[in-house]
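The values are calculated or read from the model by the stated rules, or taken from the named source; none is laboratory data. Note that the coordinates shown come from a computational prediction; the quantities given were computed from them, not determined experimentally. Glycine also receives a Cβ, built like all others from the backbone with ideal geometry; neighbour counts cover every protein chain displayed.
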Amino acid sequence: MKDGFLKAAAAAPELRVADPEFNAGKIIEAIAGAREKGVKLLCFPELALTGCTCGHLYFQRLLTDAAMEGLKRITASTQGSDMLVVVGLPLAARGALYSAAAVVCDGEILGLTARKNVRGTVFSALGPGEVLEIDLDDTDYCHLESEVIYCAYDVLDGLAVGVQFSADRKLAVPPAAALCASGATVICELSDEPMSVQSRRETLAALAVDTKRLHYGCVSAAPGKGESSTDKSYYGLCAVVDDGETLAVSEDGCGMAVSEFDIFNLNGARIREQTYAGMARMAISRYAWGLKRAETELTRRIKREPFVPDAGLAEFAERCLTIQAAGLIKRMQYTNCWRPVIGVSGGVDSTLVMLACARAMDECGLPRSNIVAVTMPCFGTTDRTKNNAITIAERLGAELRVIPIGESVKKHFETIGHDFGDHSVVFENAQARERTMVLLDIANKVDGLDVGTKDLSEQADGWCTYNGDQISNYDINAGLTKTMVRAIVKYVSETTEDAALAAALRDIWDTPVTPELLPIGDEGELLQKSEDSVGPYILQDFFLYHMVMRGGSPAKVLRLAEIAFEGEFGRDTLVYWLRSYCRRFFVQQFKRSASADGPAAMGFTLSPRDGHKMPSDACNALWLSGVDAL
């Protein structure tokens with residue numbers, strides 16, 4: 001449970017219809033297999049002890065009694081284990097028949113949950129607030145209820161498990177909503193759904209939407225091989241879905257899906273978004289779960305690039321460009337300034353801005369020559385970046401202006417008494433501010449807007465000059481990280497029909513990120529690389545996602561990074577750049593507090609108005625000491 005992770009599984013064992021003794025044996029085998037994998041929460045399908053296709057055989061007391069005996073065998077098999085096991089069975093009680101979920105742990109039946117949505121079935125539902133006392137034997141009993149939560153707060157802060165049936169998820173107000181509002185962070189979903197052409201896609205899509213909306217983890221199990229095929233087919237769809245992310249799926253007749261929930265992130269997401277603010281907390285029964293502290297081995301995939309999708313890159317890139325263009329069009333309409341002015345460097349950020357501005361012009365029916373592309377070579381400019389900047393401007397049809405600023409900067413050095421041989425921050429920032437002054441003045445001159453090029457990653461680490469590239473009239477890259485920017489540029493390079501443009505885009509994508517503020521080498525080679533100073537952007541974006549957006553501690557972020565970048569970065573390297581990031585993220589906040597407007601392309605920005613907010617003088621000692629302890 002270290003770092004808030006809980007290993008959970010959904011299992012669909014082989015079964016025989018109306019044979020609880022055989023089914024109990026298979027369930028016990030699955031429990032043993034899950035225990036070997038370190039699973040602490042295990043969910044089986046609805047009516048797993050009998051099969052869900054028994055029809056009117058459920059009216060036979062012989063069958064329901066056998067199911068209860070099978071449950072007792074299963075319960076006894078859990079003796080000495082802290083795994084919480086959820087099993088479905090038919091339950092006859094008080095003159096009614098229920099589809100129930102039994103929750104067992106360490107040789108004890110903790111409670112029973114009844115299905116609510118029983119339309120079209122032979123089962124009954126409990127009345128509102130109804131609780132039945134179920135006799136297990138002469139000396140023991142438990143309660144049958146509609147909503148129950150099983151808590152392990154003392155072992156894993158925020159861990160509480162609720163139970164619902166897949167049929168109940170389709171109700172107007174599913175039990176998960178009430179359970180989560182009352183503190184449940186994980187829902188075990190027992191399913192009786194058969195296999196259909198669309199069942200896998202529809203079920204996973206529904207679980208992704210629900211878990212993201214309510215911020216919970218779901219482990220779902222559907223009946224597998226052995227169910228009756230009289231009218232339907234079953235193939236054991238099992239899934240582990242965490243806050244909208246499908247972590248593990250199994251659908252092979254009889255199998256198991258295993259992964260880990262991030263309980264700390266689920267709680268953090270609810271706090272940040274106030275998910276249940278104003279929602280009444282129901283009086284739901286709570287039972288203690290005797291979970292023991294243990295290390296959780298992580299098997300869930302940790303993405304190297306959490307901001308870039310695995311699939312659907314075309315749609316992702318197109319939507320990003322559309323969002324950027326739409327934001328710029330609105331700003332041009334409001335200001336009546338229809339000429340975007342862009343400082344083009346031959347880097348990926350300014351290239352993406354050019355692409356988005358070209359799209360905006362096309363959508364407005366305006367000529368692309370309205371775009372003013374300004375390249376301002378100076379002491380650190382290489383032929384490679386300059387030529388690429390010129391090619392991009394020409395291929396997109398923009399008005400190109402080449403304005404060398406070296407002499408202006410030297411004159412400024414004379415004015416402030418700075419030695420040209422002193423390559424300190426003064427040397428660098430003077431160039432950045434000169435470029436910004438030129439862009440803003442040209443924008444005034446042509447009745448246009450200086451469209452900024454810095455991205456979200458550069459805002460986070462402060463790799464921008466205050467009152468230099470830190471400011472503009474409008475920042476359309478403000479909601480995109482460096483890895484997102486690179487992915488979009490790469491996509492355009494692979495899809496454009498303009499061969500010359502594609503070649504330039506590929507070369508830009510392959511060029512090291514640099515501010516080009518220090519002199520180049522004797523052979524014209526690039527000497528200054530941003531990632532030498534602030535760290536690899538793939539790491540920076542990883543830290544941004546897991547530390548800033550998801551609230552992970554330095555220790556947790558390092559643990560995840562070691563998994564994601566195994567064989568790529570060693571532990572010492574990761575610790576070094578994590579410490580650098582924790583320092584820079586805090587001390588550079590003053591730049592973000594004065595940032596320009598820009599669209600939140602992915603729903604998260606560092607805007608001081610509607611994004612991540614923090615004071616400019618917050619202390620970073622907790623984070624740095626956390627890194628130093630590593």
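Looking at 580, 616, just one residue is surrounded by 16 or more Cβ atoms within 10 Å (Cβ to Cβ) and more than 22 Å from residue 449 (Cα to Cα), and that residue is 580. With the structure loaded, tell me whether residue 418 is part of a loop (DSSP other than H, G, I, E, B) and either outside the structural domain of residue 530 (by TED's automatic domain parsing) or touching a Pro at 6+ places or on another chain (Cβ under 8 Å) (or both) or whether it fails that test. No: the conditions fail for residue 418. Do we find a residue being out of contact with any Cys (no Cβ under 7 Å at 6 or more places or on another chain), of a type in the set (Phe, Trp, Tyr) and not in a helix (DSSP H, G or I) anywhere in the stretch 16-29? Looking for residues that are out of contact with any Cys (no Cβ under 7 Å at 6 or more places or on another chain), of a type in the set (Phe, Trp, Tyr) and not in a helix (DSSP H, G or I), one finds none in the stretch 16-29, hence no. For residue 253, the criteria (1) surrounded by fewer than 18 Cβ atoms within 10 Å (Cβ to Cβ); (2) touching a Pro at 6+ places or on another chain (Cβ under 9 Å) hold in every case but one, which is (2). Picking from residues in the stretch 489-536 that are acidic (Asp, Glu) and modelled with pLDDT of 65 or more, the one that is nearest to residue 376 (Cα to Cα) is 507.
Among what's in the stretch 550-560 and is touching a residue at least 60 places away in the same chain (Cβ under 8 Å) and outside any loop (DSSP other than H, G, I, E, B), pick the residue that is farthest from residue 625 (Cα to Cα).
The residue in question is 560.
Checking every residue in the stretch 256-276 against the condition of being within 22 Å of residue 33 (Cβ to Cβ), part of a loop (DSSP other than H, G, I, E, B) and among the acidic types (Asp, Glu) gives zero matches.
Residue by residue, here is whether (1) over 22 Å from residue 499 (Cβ atoms); (2) surrounded by 19 or more Cβ atoms within 10 Å (Cβ to Cβ); (3) in contact with a strand residue (DSSP E or B) (Cβ under 8 Å, 6 or more places away or on another chain) holds:
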{"site": "342", "(1), (2), (3)": "yes, yes, yes"}
{"site": "366", "(1), (2), (3)": "yes, no, no"}
{"site": "384", "(1), (2), (3)": "no, no, no"}
{"site": "403", "(1), (2), (3)": "yes, no, yes"}
{"site": "416", "(1), (2), (3)": "yes, no, no"}
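Is there a residue being over 31 Å from the mean Cα position of the chain (by Cα), outside any helix (DSSP H, G or I) and outside the structural domain of residue 240 (by TED's automatic domain parsing) anywhere in the stretch 318-336? Yes, some residue in the stretch 318-336 is over 31 Å from the mean Cα position of the chain (by Cα), outside any helix (DSSP H, G or I) and outside the structural domain of residue 240 (by TED's automatic domain parsing).
Is there any pair linking a residue in the stretch 302-326 that is of a type in the set (S, T, N, Q) to one that is part of a helix (DSSP H, G or I), with Cβ under 8 Å and at least six apart or on different chains, and which? So the pair list comes out as 322/359; 324/352; 324/353; 324/356; 324/359; 324/360. Scanning the stretch 440-453 finds one or more residues that are assigned to a helix (DSSP H, G or I), surrounded by 21 or more Cβ atoms within 10 Å (Cβ to Cβ), in contact with a Lys or Arg (Cβ under 9 Å, 6 or more places away or on another chain) and not charged (D, E, K, R). Annotation: residue 589 fulfils all but one of (1) closer than 15 Å to residue 476 by Cα; (2) over 22 Å from the mean Cα position of the chain (by Cα); the unmet one is (1). The set of residues in the stretch 30-51 being out of contact with any Lys or Arg (no Cβ under 8 Å at 6 or more places or on another chain), outside any helix (DSSP H, G or I) and under 30 Å from residue 298 (Cα atoms) consists of 42, 43, 44, 45, 48.
Residue 471 - would you say it is assigned to a helix (DSSP H, G or I) and within 41 Å of the chain's Cα centre (by Cα)? The answer is no for residue 471. Inside the stretch 314-340, can you point out the residues that are polar (S, T, N, Q) and surrounded by 24 or more Cβ atoms within 10 Å (Cβ to Cβ)? Selection gives 324 alone.
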